[in-house]
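Visitor: This is the structure I have questions about; it appears just below.
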Amino acid sequence: MQAANEATGSYTAVLDARGELVLAMAHMLLADQLTPDFLQRTTQQRQGAKLWVMDLSLPADSIAALQQEAQRTHAVLIAVAVSQPKMARLGKSLAGINTLILNRAELETFAGHALPRVADLNAAFTALHALGLKRLVVTLGTQGAAFGDSTLGHTRMQRLRAHPVPARDV
């Protein structure tokens, strides 16, 4: 997309010595122009693609439009949360989203309560699966990540441990 009136989106993060986020700044106004009308006009560009990735910087109605299109075309749609406030852009149905990738805080925002244990993650995945989600990836910071795949016949999350590495200034 090229827009004469908007700059390319940018994201800046400041991390502490442990690699934890201290401050983040984002300028994503261009994403607001990815409206359902724009997505309709650019459908041909997505034809033939078997895998789509969207982040929740898109407007809520555009997210819903991509979910519906993914259902119609059988495309694999991966959604990346990007922030707790943007979780509100997901609707009540997750149908059409094959995989949701988020961190624990973003999942807690969507669930409406804390999820401190793996059993809590399992319960959250069961609830998301009931809304139409097939796969869930939850990053857990220094505790690694958890992954669930309902196509395996269950909604148990599998833990992947993180290997400690020193934080680097890049």
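Visitor: Being part of a loop (DSSP other than H, G, I, E, B) and out of contact with any strand residue (DSSP E or B) (no Cβ under 8 Å at 6 or more places or on another chain) is the filter; apply it to region 86-106 and report the residue that is surrounded by the fewest Cβ atoms within 10 Å (Cβ to Cβ).
Guide: Lys92
Visitor: If you don't mind, another one. If you go through region 53-62 one residue at a time, do you hit one that is in contact (Cβ under 8 Å) with a residue 24 or more places away in the chain and farther than 18 Å from Gly91 by Cα?
Guide: Within region 53-62, none of the residues are in contact (Cβ under 8 Å) with a residue 24 or more places away in the chain and farther than 18 Å from Gly91 by Cα.
Visitor: Now for a separate question. Check whether at least one residue in region 128-149 is more than 25 Å from Gln71 (Cα to Cα), modelled with pLDDT under 95 and touching a helix residue (DSSP H, G or I) at 6+ places or on another chain (Cβ under 6 Å), and report yes or no.
Guide: For region 128-149, residues more than 25 Å from Gln71 (Cα to Cα), modelled with pLDDT under 95 and touching a helix residue (DSSP H, G or I) at 6+ places or on another chain (Cβ under 6 Å): present.
Visitor: Would you mention how many residues in region 52-62 are touching a strand residue (DSSP E or B) at 6+ places or on another chain (Cβ under 9 Å) and either open to solvent by less than 40 Å² (accessible area, probe 1.4 Å) or under 18 Å from Lys134 (Cβ atoms) (or both)?
Guide: 6
Visitor: Working carefully through the options Ala111, Ala75, find the one that is of a type outside the set (Val, Ile, Thr), out of contact with any Cys (no Cβ under 6 Å at 6 or more places or on another chain) and over 30 Å from Thr142 (Cβ atoms).
Guide: Going through Ala111, Ala75 in turn, just one is of a type outside the set (Val, Ile, Thr), out of contact with any Cys (no Cβ under 6 Å at 6 or more places or on another chain) and over 30 Å from Thr142 (Cβ atoms): Ala75.
Visitor: Right, Ala65: open to solvent by less than 70 Å² (accessible area, probe 1.4 Å), closer than 23 Å to Leu29 by Cα and over 15 Å from the mean Cα position of the chain (by Cα) or not?
Guide: It is true that Ala65 is open to solvent by less than 70 Å² (accessible area, probe 1.4 Å), closer than 23 Å to Leu29 by Cα and over 15 Å from the mean Cα position of the chain (by Cα).
Visitor: How about region 69-85: which of its residues are over 13 Å from the mean Cα position of the chain (by Cα) and part of a loop (DSSP other than H, G, I, E, B)? Lay out the reasoning, then the answer.
Guide: Kept after step one, since they are over 13 Å from the mean Cα position of the chain (by Cα), are these residues of region 69-85: 69-76.
Selection gives His74, Ala75.
Visitor: Considering only residues that are without any contact (Cβ under 8 Å) to a residue 24 or more places away in the chain, in a loop (DSSP other than H, G, I, E, B) and open to solvent by less than 90 Å² (accessible area, probe 1.4 Å), which ones fall in region 1-15?
Guide: If the condition is that a residue be without any contact (Cβ under 8 Å) to a residue 24 or more places away in the chain, in a loop (DSSP other than H, G, I, E, B) and open to solvent by less than 90 Å² (accessible area, probe 1.4 Å), then Ala7 is the only one that fits.
Visitor: For region 26-68, what are the residues that are assigned to a strand (DSSP E or B) and at pLDDT below 85?
Guide: Step one: of region 26-68, the residues assigned to a strand (DSSP E or B) are 26-27, 51-55.
Across region 26-68, the qualifying residues are Ala26, His27.
Visitor: State the number of residues belonging to region 156-170 that are more than 24 Å from the chain's Cα centre (by Cα) and not acidic (Asp, Glu).
Guide: Looking only at that region, the number is 6.
Visitor: Could you give me the residue pairs with C-beta distances under 9 Å whose first residue belongs to region 26-41 and is over 15 Å from Lys86 (Cα atoms), whose second residue is open to solvent by 50 Å² or more (accessible area, probe 1.4 Å) and in a helix (DSSP H, G or I) wherever it lies, and which are 6+ apart or on separate chains?
Guide: Note: pairs meeting the criteria are Thr35/Asp61; Pro36/Asp61.
Visitor: Which residues, taken from region 75-84, are of a type outside the set (Gly, Ala, Ser) and modelled with pLDDT under 95?
Guide: Val82, Gln84
Visitor: Name the single residue that is farthest from Asp61 (Cα to Cα) among those in region 32-51 being surrounded by 10 or more Cβ atoms within 10 Å (Cβ to Cβ) and in contact with a strand residue (DSSP E or B) (Cβ under 8 Å, 6 or more places away or on another chain).
Guide: Checked region 32-51; the qualifying residue farthest from Asp61 (Cα to Cα) is Leu51.
Visitor: Going through region 121-170 one residue at a time, which ones are open to solvent by 70 Å² or more (accessible area, probe 1.4 Å), assigned to a loop (DSSP other than H, G, I, E, B) and within 18 Å of Ala81 (Cβ to Cβ)?
Guide: If the condition is that a residue be open to solvent by 70 Å² or more (accessible area, probe 1.4 Å), assigned to a loop (DSSP other than H, G, I, E, B) and within 18 Å of Ala81 (Cβ to Cβ), then Lys134 is the only one that fits.
The values are calculated or read from the model by the stated rules, or taken from the named source; none is laboratory data. Just so it is clear, the structure is predicted and the values come from calculations on it, not from any experiment. As a convention, Cβ positions derive from the backbone with ideal geometry for all residues, glycine included, and neighbour counts pool all protein chains shown. Just so you know, the surface numbers come from the protein's heavy atoms only, side chains and all, with ligands and any DNA or RNA stripped out. Shrake-Rupley method; radii C 1.70, N 1.55, O 1.52, S 1.80 Å.
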